[in-house]
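Take a look at the structure below.
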Amino acid sequence: PEVAEQTGLPVSVNVFAGGADNTCGAIGAGILAEGRMMSSIGTSGVVLAYEQSGEKDFAGRVHYFNHAEPNAYYIMGVTLAAGYSFDWWKRTFAEDVPFAEIVQRAAESPIGANGLLFTPYLVGERTPYADADIRGSFIGIDSRQTKWDFARAVMEGITFSLNESVEIIKASGKTIDSVVSIGGGAKSAEWLQIQADIFGIPVEKLKNEQGPGLGAAMIAACGVGWFDSLKQCADAFKQVESVVEPRPDAVARYKELFAIYRDVYPRTKELAKRLKAFRP
């Protein structure tokens with residue numbers, strides 16, 4: 001009653017405990033059973049997989065939290081500058097070009113962006129390195145490359161960064177059957193294909209992608225008794241618009257590139273520390 005008086009809400013209003021942003025995003029994406037994973041490319045990037053056991057040890061390389069689903073957990077990796085890296089590139093090099101056109105032109109560049117790699121460490125990194133000093137790199141700049149090669153490299157580099165967490169999740173013994181893509185990375189057919197090819201897993205695009213807000217609403221819907229479980233609620237709310245299948249030739253090519261990408265961090269971290277003295 002005291003809270004009702006302070007807020008102006010009637011005492012008849014039901015109040016439910018919600019969840020963290022990514023937890024609710026996972027519920028909205030239906031990540032409520034083994035084999036399910038979410039890929040979210042917003043300002044930051046997240047890969048999140050359902051986990052039934054609370055007894056695994058990831059040595060801090062990824063996050064390992066309680067799910068909002070009772071007696072369940074999730075494994076989560078975070079790229080600090082995912083969509084932020086793409087936005088930075090656009091603001092710096094193609095300010096007047098719409099995002100849709102940038103993505104379309106980038107898709108005309110071949111896998112590997114004609115020999116160019118990008119690491120999205122613009123503000124440091126969180127998973128799997130937890131390094132505040134590391135900064136991004138373009139590796140393999142060639143005079144024959146165009147700005148659209150650079151745009152493709154940025155998209156691929158962001159997805160490679162997320163794939164580092166995917167590989168940690170897979171190494172824990174987990175089998176991932178499908179990935180639900182949400183956020184900016186789900187708004188482009190080209191980026192959905194890049195995700196499917198780099199992850200080597202089918203990627204689902206939802207009809208109505210409302211993210212964490214939908215998940216919070218689903219918690220409330222279960223709370224008032226409209227559904228018996230979050231999974232039942234997700235079956236009713238979640239609608240898949242399309243599934244993007246990985247292309248075997250592209251998967252093999254990206255595996256080669258990913259091995260090179262993983263070499264960039266250990267080879268540049270000391271250089272980044274030495275450059276710190278010259279940053280504003």
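The values are calculated or read from the model by the stated rules, or taken from the named source; none is laboratory data. This structure is a prediction, so every number in the text was calculated from the model and none was measured. Quick reminder, even Gly has a Cβ in these numbers, built from the backbone with ideal geometry, and neighbours come from all protein chains shown.
General observations
- Identity of the residue in the range 216-239, free of Cβ contacts under 8 Å to residues at least 40 places away in the same chain and outside any helix (DSSP H, G or I), that ends up nearest to the chain's Cα centre (by Cα): GLN239
- Checking PHE237, PHE258 one by one, the residue that is closer than 24 Å to SER188 by Cβ, at pLDDT below 95 and either surrounded by 15 or more Cβ atoms within 10 Å (Cβ to Cβ) or in contact with a Leu (Cβ under 9 Å, 6 or more places away or on another chain) (or both) is PHE237 and no other.
- Taken over the range 131-151, the criterion of being part of a helix (DSSP H, G or I), in contact with a Phe, Trp or Tyr (Cβ under 9 Å, 6 or more places away or on another chain) and either crowded, with 18+ Cβ neighbours inside 10 Å or modelled with pLDDT under 95 (or both) is satisfied by PHE150, ALA151.
- Check on GLY185, touching a Leu at 6+ places or on another chain (Cβ under 8 Å), at pLDDT below 95, part of a helix (DSSP H, G or I) and under 30 Å from GLU156 (Cβ atoms): yes
- Matching strands (runs of 3 or more DSSP E) fully within the range 1-111 where at least 2 residues are in contact with a Ser or Thr (Cβ under 6 Å, 6 or more places away or on another chain) and touching a residue at least 12 places away in the same chain (Cβ under 8 Å): 45-51, 73-79
- Test set (1) surrounded by 20 or more Cβ atoms within 10 Å (Cβ to Cβ); (2) modelled with pLDDT of 95 or more; (3) over 26 Å from SER242 (Cα atoms) - THR127 fails condition number: (2)
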